[in-house]
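S.K.: Okay, here's the structure, questions in a sec.
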């Protein structure tokens, strides 16, 4: 479900940014506005970023094989990291550079054509606003379903692809407003410096978003542990089982937003295990008449112990996966 929601958000953003890029680029060619160039670069960066996110989502959806037995989920973070770096250098770097250059060497602006710039920006605001609303609404519902505060869910558990769409389109809406204000001030005052300042402001905004996305995807590539509340939930399931004496070690890793790996070393209670096997042992005891009978009894009793532990581990795994559906890779070991 998370994968399909993310893909829908990315495809919607990709389509919207393709239309916006064409509109902004055409307007820049008409007006020569630095803020419009910054907005065009912003939209190109967003388009390329979302194309990379889509590639990552498609590649991450491949089934596990002998080479990658835990699947390809991590690919989405590789491509998302590449796209975030692209935003930083292309979106932030080029835009800020153009803005600074315009401060020292103001371009000739065609003030008579500024109405086209305003129209293009309003068009972009509508498209970006719709995509932003759809992505935000989806993640808001996911946060409510998980009973988490929205900001916490967005920071720690939401799919980075969906978060990227929310941040980029939110920034796009804010960037459009900055560009509109810059163009209006430039037209009212006749000074091109407002246009340059607007360009720098948009670049700084893109840089902040890129840094956040880089940090988030770096965390997921390294492989953080599962959320603390989920870890506590797993520990409660284990400790509430009467056959488990102690949880010696619990380690976890997030393979993807809906795929956790959990490894646990367990100490089982010998008295509880003895109680469960006592009836079988007592029934077999009178039949021991010779050393061979005793050896057969020991072998059968050992098999019963192993079978009981295996059945109990299967039940524990089923209960953990029932309460934590993301726990797709469980490794419970008796120590």
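S.K.: Sort through 266, 221, 238 and tell me the only one that's within 36 Å of the chain's Cα centre (by Cα), assigned to a helix (DSSP H, G or I) and under 21 Å from residue 314 (Cβ atoms).
M.R.: Just one listed residue meets the conditions, 238.
S.K.: Quick one: would you say residue 250 is under 28 Å from the mean Cα position of the chain (by Cα) and in contact (Cβ under 8 Å) with a residue 12 or more places away in the chain?
M.R.: So residue 250 passes the test.
S.K.: Right, something else. Restricting attention to region 243-261, which residues are part of a strand (DSSP E or B) and touching a helix residue (DSSP H, G or I) at 6+ places or on another chain (Cβ under 6 Å)? Show your work before the answer.
M.R.: Looking only at region 243-261, we keep the residues that are part of a strand (DSSP E or B), and these are 244-256, 259-261.
Scanning region 243-261 gives 244, 247.
S.K.: So, residue 12, is that one surrounded by fewer than 22 Cβ atoms within 10 Å (Cβ to Cβ), in a helix (DSSP H, G or I), at pLDDT below 85 and in the same structural domain as residue 217 (by TED's automatic domain parsing) or not?
M.R.: yes
S.K.: Moving to a separate point now. Do we have residue 267 as under 18 Å from residue 243 (Cα atoms) and either modelled with pLDDT of 80 or more or outside the structural domain of residue 163 (by TED's automatic domain parsing) (or both) here? Give the steps one after another, and end with the answer.
M.R.: Numbers: under 18 Å from residue 243 (Cα atoms): yes; either modelled with pLDDT of 80 or more or outside the structural domain of residue 163 (by TED's automatic domain parsing) (or both): yes.
Here the answer is yes, as residue 267 does meet what is asked.
S.K.: Test residue 307 against the stated conditions and say whether it is assigned by TED's automatic domain parsing to the domain that holds residue 249 and at pLDDT below 85.
M.R.: No.
S.K.: Kindly indicate whether residue 205 is over 32 Å from the mean Cα position of the chain (by Cα) and free of Cβ contacts under 8 Å to residues at least 40 places away in the same chain.
M.R.: For residue 205, the condition - over 32 Å from the mean Cα position of the chain (by Cα) and free of Cβ contacts under 8 Å to residues at least 40 places away in the same chain - is not met.
S.K.: When the residues of region 173-227 are narrowed to those that are at pLDDT 85 or above and touching a strand residue (DSSP E or B) at 6+ places or on another chain (Cβ under 6 Å), which ends up farthest from residue 130 (Cα to Cα)?
M.R.: If we take residues in region 173-227 being at pLDDT 85 or above and touching a strand residue (DSSP E or B) at 6+ places or on another chain (Cβ under 6 Å), then 225 is farthest from residue 130 (Cα to Cα).
S.K.: Checking residue 236 against (1) surrounded by fewer than 16 Cβ atoms within 10 Å (Cβ to Cβ); (2) more than 29 Å from residue 142 (Cα to Cα); (3) modelled with pLDDT of 90 or more, which single condition isn't satisfied?
M.R.: Residue 236 satisfies all of (1) surrounded by fewer than 16 Cβ atoms within 10 Å (Cβ to Cβ); (2) more than 29 Å from residue 142 (Cα to Cα); (3) modelled with pLDDT of 90 or more except (2).
The values are calculated or read from the model by the stated rules, or taken from the named source; none is laboratory data. Being a predicted model, the structure only gives us computed values, none of them experimental. Cβ coordinates were reconstructed from backbone atoms using ideal geometry, including for glycine residues, and neighbour counts include every protein chain displayed.
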